[in-house]
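Asker: Here it is, the structure in full.
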Amino acid sequence: MAKKYFSTFFILISLNLFSQINYIHYTVKDGLPQMQCMKIIQDSKGYLWIGTKGGLSKYDGISFKNFFIDDGLPDSRIIDIKEAENGVIWVLTQSGLSSVINDQIKHYPAHENFLFKDDNIVIDNSDIGSIWIIEGYYKKRLIKFSNGIYSNKFTSKKGQLRGLSFDNLDESIVFTELNTLGSKLYRQSEDSFNVEHLPQGTKWIYKYEDSLAITSKKNGSAIYKLTNNDTLKLFQFKQNMDI
């Protein structure tokens, strides 16, 4: 048994010593609009979209094509980028959403009292053309964007909204509401949101993606699979995790 462990260890060390990771460091000199990259995605055609604090960039593997305010962006600071199933690239700035189709930008101005700070775009795959965003300095409102219109669908009175995502299994929007007393998980039901069952003793939910919840409890953290109002513990940590 000892020889087996030793052989495995030697193989791992050998792979680590002889394997090399090659990378290229791109800067403004290579064509990036700005060095502080806030978001990067690869679309279905293989292009890289990079959001910076100075504009949006599209990389084809050879050169960068940059988009600025003069090209239709309402704001230079890019918060998030997502590609919809129909191939439209959606870009979120502090001033709201913009679509990119065939490298042409169309901006959809948000209400004057809306504030987008460090929020993420969530594409609603069950409702083509609809996008969900958590809005506000204190993250208290859930906004739905559809047909060029922003509408407030949920407002938290005592906490903050976190972990917004689309559950591919149930084809519904889910998010958590955090306050000093703990967490509540909300799931979309037609045009409203209902509180869903959580594991007993849950204090915080750090992230929720495709029915996977990472929670923090007094006696440690755990990963749960949440489906159909039920929970299945997948892994238990002895200590709390900060994610």
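The values are calculated or read from the model by the stated rules, or taken from the named source; none is laboratory data. On a predicted model such as this, the values are computed, not experimentally measured, just so you know. Note that each Cβ is placed from the backbone with ideal geometry, even for glycine, and that neighbours are counted across all protein chains shown. All accessible areas refer to the heavy atoms of the entire protein, side chains included, with ligands and DNA or RNA removed. Shrake-Rupley method; radii C 1.70, N 1.55, O 1.52, S 1.80 Å.
Asker: Looking at region 150-157, is at least one residue out of contact with any Phe, Trp or Tyr (no Cβ under 6 Å at 6 or more places or on another chain) and assigned to a loop (DSSP other than H, G, I, E, B)?
Answerer: There is at least one residue in region 150-157 that is out of contact with any Phe, Trp or Tyr (no Cβ under 6 Å at 6 or more places or on another chain) and assigned to a loop (DSSP other than H, G, I, E, B).
Asker: Scan region 158-192 for residues that are open to solvent by 10 Å² or more (accessible area, probe 1.4 Å) and not in a strand (DSSP E or B) and jot them down. Spell out the reasoning first.
Answerer: Start the filter on region 158-192 by keeping residues that are open to solvent by 10 Å² or more (accessible area, probe 1.4 Å), which leaves 158, 160, 162-163, 166, 168-171, 177-181, 183-184, 186-192.
Of everything in region 158-192, those that are open to solvent by 10 Å² or more (accessible area, probe 1.4 Å) and not in a strand (DSSP E or B) turn out to be Lys158, Asn168, Leu169, Asp170, Glu171, Thr180, Leu181, Glu190, Asp191.
Asker: Give me the pairs: first residue in region 50-67 and free of Cβ contacts under 8 Å to residues at least 40 places away in the same chain and farther than 10 Å from Ile40 by Cα, second residue of a type in the set (Lys, Arg) and open to solvent by less than 40 Å² (accessible area, probe 1.4 Å), beta-carbon distance under 9 Å, and six or more apart or on different chains, which are they?
Answerer: So the pair list comes out as Phe64/Lys58; Lys65/Lys58; Asn66/Lys58; Phe67/Lys58.
Asker: Within region 111-139, can you find the residues that are among the aliphatic types (A, V, I, L, M) and either at pLDDT 90 or above or within 16 Å of the chain's Cα centre (by Cα) (or both)?
Answerer: Ile121, Val122, Ile123, Ile131, Ile133, Ile134
Asker: Ok, one more. What about Gly61, is it in contact with a strand residue (DSSP E or B) (Cβ under 9 Å, 6 or more places away or on another chain) and on the phi > 0 side of the Ramachandran plot?
Answerer: yes
Asker: Restricting attention to region 93-142, which residues are of a type in the set (Ser, Thr, Tyr), surrounded by 13 or more Cβ atoms within 10 Å (Cβ to Cβ) and in a loop (DSSP other than H, G, I, E, B)?
Answerer: Ser95, Ser126, Ser130
Asker: Across region 43-60, what is the total count of residues that are assigned to a loop (DSSP other than H, G, I, E, B), in contact with a Lys or Arg (Cβ under 6 Å, 6 or more places away or on another chain) and not aromatic (Phe, Trp, Tyr)?
Answerer: 1
Asker: Of Leu181, Leu142, Leu164, which residue is modelled with pLDDT under 85 and among the hydrophobic types (A, V, I, L, M, F, W, C)?
Answerer: None of the other options fit; the residue is Leu181.
Asker: Still on this model: Among the listed residues Tyr23, Tyr59, identify the single one that is loosely packed, with under 10 Cβ neighbours inside 10 Å and at pLDDT below 95.
Answerer: When all the criteria are applied, what remains is Tyr23.
Asker: Out of all the residues in region 143-169, which are out of contact with any strand residue (DSSP E or B) (no Cβ under 9 Å at 6 or more places or on another chain), among the polar types (S, T, N, Q) and under 21 Å from Glu196 (Cα atoms)? Don't jump to the end; show me each part of the working.
Answerer: Residues of region 143-169 that are out of contact with any strand residue (DSSP E or B) (no Cβ under 9 Å at 6 or more places or on another chain), as a first pass: 147, 157, 168.
Going one step further and asking which of them are among the polar types (S, T, N, Q), we end up with 147, 168.
Selection gives Asn168 alone.
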